[in-house]
Amino acid sequence: MNARPLVSFTTDFGSVDPYAGAMKAVLLSRLPGAEIIDITHQVPPQDVVTGAFLFETTLPSFPRGSLHVVVVDPGVGSDRARLAIAAGGSFFVGPDNGCLSAAIPPDARGRRAVGEAYEERAVSLPTGVTAVRIENLALLGIDRPSATFEGRDIFTPAAAWLAAGRSIADLGPRVDSVLAFPAFRAPIDGSSGEMHGRVLHVDHFGNLITDIMAGDVFAEPVFTVAGARVHGMVATYAEARGATAIIGSSGRVEFAVPGGNAALTLGAARGDRVRVSRAA
């Protein structure tokens with residue numbers, strides 16, 4: 001690891017309560033030289049899919065050797081596994097509920113079927129990915145962890161252990177599969193030729209970010225989202241006149257209203273379906 005390990009945090013804890021701050025304080029008390037990046041603490045409460053998606057879109061910006069704590073955990077305190085994963089030269093720590101999907105290559109995660117929502121599934125770990133259950137709490141100096149705040153009491157101490165260059169194998173038994181979401185990529189209906197996307201995130205500006213990859217879009221596409229039709233695409237916001245489709249920074253189709261709010265204009269929200277067809 002680097003002399004000053006880089007540790008990211010992604011949670012649904014928000015910024016009003018002290019939870020995110022407590023996790024960072026624990027990390028720095030165990031690893032004073034760490035550099036911390038907050039990806040976001042504004043994941044909608046208990047929305048594991050959105051947390052996994054936002055983390056995945058940000059992960060390529062980090063250097064190899066980074067360590068990532070992702071905690072969107074409706075099952076906190078239950079018997080669901082606590083995971084540490086080594087993949088691509090970096091480490092990932094969080095609950096086994098799909099929020100660490102980005103640690104698993106998309107090809108191993110497969111694709112969702114037309115009409116299916118994003119639901120976690122057991123995925124066998126491919127070569128080059130190692131995962132363990134965090135069970136050796138005594139090694140981490142943990143006596144009685146809170147049943148409601150494992151982010152502070154288990155996941156962050158495990159992250160500090162790994163960021164200090166210690167062995168992932170010491171944290172607990174190895175596992176052969178983890179829960180992960182299908183690759184965030186819209187499927188195509190083989191019979192109609194239409195693409196069936198989903199709105200995966202509504203950003204601060206009201207832009208609707210979808211799972212439709214730029215390279216999959218047809219020539220002269222017609223998009224239908226929340227019952228509204230959007231024809232074609234623009235290359236920049238400056239070209240738009242009203243609601244428009246554009247390729248966003250994550251390489252996916254977004255719907256935007258420059259100077260306005262696409263979510264309000266189109267009446268759309270997270271989870272809404274987006275149909276893509278060819279212009280007649």
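A few points about this structure:
- Some residue of the range 103-110 being surrounded by fewer than 19 Cβ atoms within 10 Å (Cβ to Cβ), in a strand (DSSP E or B) and modelled with pLDDT of 95 or more: no
- Test for residue 53: is it assigned to a helix (DSSP H, G or I), touching a helix residue (DSSP H, G or I) at 6+ places or on another chain (Cβ under 9 Å) and at pLDDT 95 or above: yes
- If the condition is being among the small types (Gly, Ala, Ser) and within 20 Å of the chain's Cα centre (by Cα), then the range 159-194 contributes 159, 177, 180, 183, 186.
- In a residue-by-residue description of the range 46-61, the property of being under 16 Å from residue 149 (Cβ atoms) and crowded, with 18+ Cβ neighbours inside 10 Å applies to no position.
- Residue in the range 238-275 that is surrounded by the fewest Cβ atoms within 10 Å (Cβ to Cβ), counting only those that are in a strand (DSSP E or B) and touching a Ser or Thr at 6+ places or on another chain (Cβ under 8 Å): 275
- Checking each residue in the range 108-145 for being in contact with a helix residue (DSSP H, G or I) (Cβ under 6 Å, 6 or more places away or on another chain), without any contact (Cβ under 8 Å) to a residue 60 or more places away in the chain and not aliphatic (A, V, I, L, M) picks out 126, 136, 145.
- Scanning the range 85-102 for residues that are closer than 17 Å to residue 41 by Cβ and surrounded by fewer than 21 Cβ atoms within 10 Å (Cβ to Cβ) returns no hits.
- Residue match in the range 71-84 (condition: part of a strand (DSSP E or B), buried (at least 24 other Cβ atoms within 10 Å of the Cβ) and over 12 Å from the mean Cα position of the chain (by Cα)): yes
- Flag if residue 35 is under 16 Å from residue 162 (Cα atoms), surrounded by fewer than 24 Cβ atoms within 10 Å (Cβ to Cβ) and touching a residue at least 24 places away in the same chain (Cβ under 8 Å): yes
The values are calculated or read from the model by the stated rules, or taken from the named source; none is laboratory data. Computed from a prediction, not measured in an experiment: that's the story for all the values here. Please note: Cβ atoms are built from the backbone with ideal geometry, for glycine as well, and neighbour counts cover all protein chains shown.
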